[in-house]
Amino acid sequence: MRRIGDAPTVRRLLIGAALCLAALFLLLPLVAIFAQAFAQGVEVFWDNVSNEYTLSAIGLTLFVAVLTIPVCLVFGVALAWLVTRFSFPGRRILQTLIDIPFAVSPVVAGLIYLLLYGRTGWLGAWLDNYDIQLMFAWPGIVMVTIFVTCPFVARELIPLMQAQGSKEEEAAVVLGASGWTTFRRITLPNIRWALLYGVILTNARAVGEFGAVSVVSGAIRGQTNTLPLHLEQLYQDYNAVGAFACAALLALIALLTLAAKAGLEWRASRREAFL
Amino acid sequence: MSIRLQQISKHFGNTRALEPVNLDIHEGELVGLLGPSGSGKTTLLRIIAGLESADTHPRSGKILFGDRDVTHVHVRDRRIGFVFQHYALFRHMSVYENVAFGLKVMPRNRRPSTGEIRTRVFRLLEMVKLEDFANRFPAQLSGGQQQRVSLARALAVKPDVLLLDEPFGALDAKVRQDLRRWLRRLHDELNFTSVFVTHDQEEALELSDRVVVMSNGKIEQIDTPETLYRHPANRFVFEFLGDVNHLEGKVQNGILTCGDARLDVDLPDGHEELLLRPHELRLIETPTAHAHLPVTVTATVPVGAEVRVELEADWLANPWLATIRHADFERLGLTRGQRLYVEPRRWHRFAQQSPSFSPSPSTA
């Protein structure tokens, strides 16, 4: 018996088209990035990467990611817990609100923050009185990055926690477990893979975010420049090798993220097969 | 430990799940909460457990375990065992860890030593005949085994009261039978007070010392299985406890007529509906002076010790069911399409739409 649409020619044609497109739009650019980065040899690449400003950009990018991830983690878990374990008026609206950062263009997000917290912004004037500068400094970058990445963890957890239900937690509480023990020993082990997956996505986005960050950072070389912003500056300065060296670094982070994600999915599928 | 509920009611939003309920469960009793889905039986069980809180408005009811008022005691501190409908085993823990959980999370001053926990868990696993499965994970067990783990887990903390929510609902008939008997034995041995929820009347009647029949958030009757079956308090209980055949018609001069069917009844004139149990019907080849109820056989199904016979007639809105002995089945030589007469040995009747039901079973 042959399934519908299973004619050999059709199949070959579709597979061929998919492979061509993937090669043209995904693989080729990736190869090009590394080819350009190493076009003038490893030494030039290394010089560009170990450049003072590049190092500072790498440092800031990682710093922002390190601050963003725990915030998103706690926020995501708390939100998923709230939405899946309690019923209250406005629960559905809240679930929709979680998606706002996905729906809004990152540039718009950056502008909103500038409008609110900038020196002439609504809250900025008040902050200025206390000599607190958020915009055009690292706190601003962290704030917009958190805004952009905060749905990832919650989005991963909500469907899972909904499917698992709260019976195991109820069973733990009946057996005398405290709230914290229940969370640590029952809830957390059940959601750990989804949680890790959410963190990986959050990290990928936090490291690569350009639009929102470019609005609020001011892009001061060596001070408020993240890696994507630095890359763009190098490119504007006609330093192609420098730009592609940074691009190669970002691409590497992306590849590592994908590998980690694939690894987790493989583990999860094996676990399911085992169960 | 006895359980006493006083004026416990529950609303979910605007829907009333439980009308104010009073219930006394004696120490060492095994009580079944029986009712169709939506009757409030699970809500009542969860309120006893403390997983759900009863209404505090307009007035607050009371829950007592023995002399202890637990109305405002958190579920964690009520010292109950709870067996969930789908077991709710901790899927990432082995059978051993599942059973040990309640002991391991005790506050340090009450927690037994590791060695003691080990002994106790293995004693429980032995009791539920799962000592060889200690290192398995829940997903590697059959439904019946999971159910036993969940029982052992609930009993590990030596609860005052054991509550079970549809404990055998998800199991196949044979396993269900075995587990039922096993639970009954366990209950008699350990002598704790238990309450279980079921929608299966056979299960409730077989397992319980007393059955609480519920419908629409109300308790319809609390009695021993025997009394419940012989003296149902109202029509709902009667219909819920077994198959029922209906006979509706007009009574005039002590004769109920319905189409070409006639039955002598000792009732005043008026419209009447009689209820008849399948095993209280006799199939005969010629009508008697008291009963002329012609029917046609539409199906015969031998089930265990009896034969279930489906009957139809012009004067019947819904087909009747009669259960007869194999001997009678063979003597009558029943086949599909055969025309016969029914003679009720007994019938029942409940005054309709009246709040005070007057059971008036009577012999025809």
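The values are calculated or read from the model by the stated rules, or taken from the named source; none is laboratory data. Small disclaimer: the values here were computed from a predicted structure and weren't measured. Because the Cβ atoms are built from the backbone with ideal geometry, glycine has one as well, and the counts that use them run over all protein chains shown.
Structure data summary
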item: Identity of the residue in region B:243-264, touching a His at 6+ places or on another chain (Cβ under 9 Å) and not acidic (D, E), that ends up surrounded by the most Cβ atoms within 10 Å (Cβ to Cβ); result: B:L263
item: Test: residue in region B:275-287 that is over 29 Å from B:V31 (Cα atoms), of a type in the set (K, R) and not assigned by TED's automatic domain parsing to the domain that holds B:S9; result: yes
item: Criterion (of a type outside the set (G, A, S), in contact (Cβ under 8 Å) with a residue 24 or more places away in the chain and within 30 Å of B:G35 (Cβ to Cβ)) met by exactly one of B:V265, B:V244; result: B:V244
item: Failed condition for A:T182, given (1) more than 14 Å from chain B (Cβ to nearest Cβ); (2) free of Cβ contacts under 8 Å to residues at least 60 places away in the same chain; result: (1)
item: Residues located in region B:2-34, provided they are touching a residue at least 60 places away in the same chain (Cβ under 8 Å) and on the phi > 0 side of the Ramachandran plot; result: B:G28
item: Every pair of residues 6+ apart whose Cβ atoms lie under 7 Å, when the first sits in region B:136-150 and is more than 12 Å from chain A (Cβ to nearest Cβ) while the second is in a loop (DSSP other than H, G, I, E, B) and modelled with pLDDT of 95 or more; result: B:Q146/B:L89
item: Residue match in region A:102-114 (condition: at positive phi and assigned to a loop (DSSP other than H, G, I, E, B)); result: no
item: Elements of type strands (runs of 3 or more DSSP E) in region B:1-59, at least 1 residues being more than 19 Å from the chain's Cα centre (by Cα) and among the β-branched types (V, I, T); result: B:3-12, B:15-25
item: Some residue of region B:100-118 being out of contact with any Lys or Arg (no Cβ under 6 Å at 6 or more places or on another chain), within 11 Å of another protein chain (Cβ to nearest Cβ) and among the small types (G, A, S); result: yes
item: Subset tally (residues that are touching a strand residue (DSSP E or B) at 6+ places or on another chain (Cβ under 9 Å) and not in a helix (DSSP H, G or I)) for region B:204-251; result: 30
item: Subset tally (residues that are closer than 13 Å to A:P189 by Cβ and either more than 10 Å from every other protein chain (Cβ to nearest Cβ) or of a type in the set (K, R) (or both)) for region B:89-99; result: 2
item: Residue match in region B:59-75 (condition: in contact with a Gly (Cβ under 8 Å, 6 or more places away or on another chain) and at the interface with chain A (Cβ under 9 Å from one of its Cβ atoms)); result: yes
item: The listed residue being within 14 Å of chain B (Cβ to nearest Cβ) and in contact (Cβ under 8 Å) with a residue 24 or more places away in the chain, out of A:E169, A:E209; result: A:E169
item: Scope region B:295-317; condition touching a residue at least 24 places away in the same chain (Cβ under 8 Å) and not in a loop (DSSP other than H, G, I, E, B); matching residues; result: B:V295, B:T296, B:V297, B:T298, B:A299, B:T300, B:P302, B:E306, B:V307, B:R308, B:V309, B:L311
item: Any hit, region A:128-144, residues being facing chain B (nearest Cβ under 10 Å) and either under 30 Å from B:L151 (Cα atoms) or among the hydrophobic types (A, V, I, L, M, F, W, C) (or both); result: no
item: Checking B:H86 against (1) farther than 20 Å from B:E126 by Cβ; (2) touching a residue at least 40 places away in the same chain (Cβ under 8 Å); (3) buried (at least 18 other Cβ atoms within 10 Å of the Cβ); (4) facing chain A (nearest Cβ under 8 Å), the condition it does not meet; result: (3)
item: Single match in B:V212, B:V195 (criterion: surrounded by 22 or more Cβ atoms within 10 Å (Cβ to Cβ), among the hydrophobic types (A, V, I, L, M, F, W, C), touching a residue at least 12 places away in the same chain (Cβ under 8 Å) and in contact with a Lys or Arg (Cβ under 9 Å, 6 or more places away or on another chain)); result: B:V212
item: Candidate set from region B:265-284 (those that are more than 17 Å from B:W320 (Cα to Cα) and not aliphatic (A, V, I, L, M)); member that is surrounded by the most Cβ atoms within 10 Å (Cβ to Cβ); result: B:E272
item: Test: residue in region A:81-92 that is assigned to a loop (DSSP other than H, G, I, E, B), under 30 Å from A:V173 (Cα atoms), over 28 Å from the mean Cα position of the chain (by Cα) and of a type outside the set (S, T, N, Q); result: yes
item: 1 or more residues touching a residue at least 60 places away in the same chain (Cβ under 8 Å) and not basic (K, R): qualifying helices (runs of 4 or more DSSP H) within region A:1-63; result: A:28-37, A:41-49
item: Residues of region A:115-131 satisfying the condition of being of a type in the set (S, T, Y) and part of a loop (DSSP other than H, G, I, E, B); result: A:T120, A:Y130
item: Scope region B:1-18; condition among the basic types (K, R) and under 26 Å from B:G81 (Cβ atoms); matching residues; result: B:R4, B:K10
item: Long-range neighbours under 7 Å by Cβ, at least six apart or interchain, first residue under 21 Å from A:Q164 (Cβ atoms) within region B:90-112, second small (G, A, S) and surrounded by fewer than 19 Cβ atoms within 10 Å (Cβ to Cβ); result: B:R91/B:A139; B:S94/B:A134; B:V95/B:A134
item: Counted residues, region A:218-258 - those being at pLDDT below 90, assigned to a helix (DSSP H, G or I) and among the small types (G, A, S); result: 3
item: Cβ pairs under 6 Å, 6+ apart, first in region A:111-140 and more than 13 Å from A:V215 (Cα to Cα), second part of a loop (DSSP other than H, G, I, E, B) and small (G, A, S); result: A:G124/A:G118
item: Any hit, region A:148-163, residues being touching an Asp or Glu at 6+ places or on another chain (Cβ under 9 Å) and of a type in the set (S, T, N, Q); result: yes
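For every residue, the table says whether it meets (1) out of contact with any Pro (no Cβ under 9 Å at 6 or more places or on another chain); (2) under 15 Å from B:H246 (Cβ atoms); (3) at pLDDT 90 or above.
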position	(1), (2), (3)
B:L293	no, yes, yes
B:T300	yes, no, yes
B:A305	yes, no, no
B:E310	no, yes, yes
B:A313	no, yes, yes
B:L316	yes, yes, no
B:H326	no, no, yes
B:G333	yes, no, no
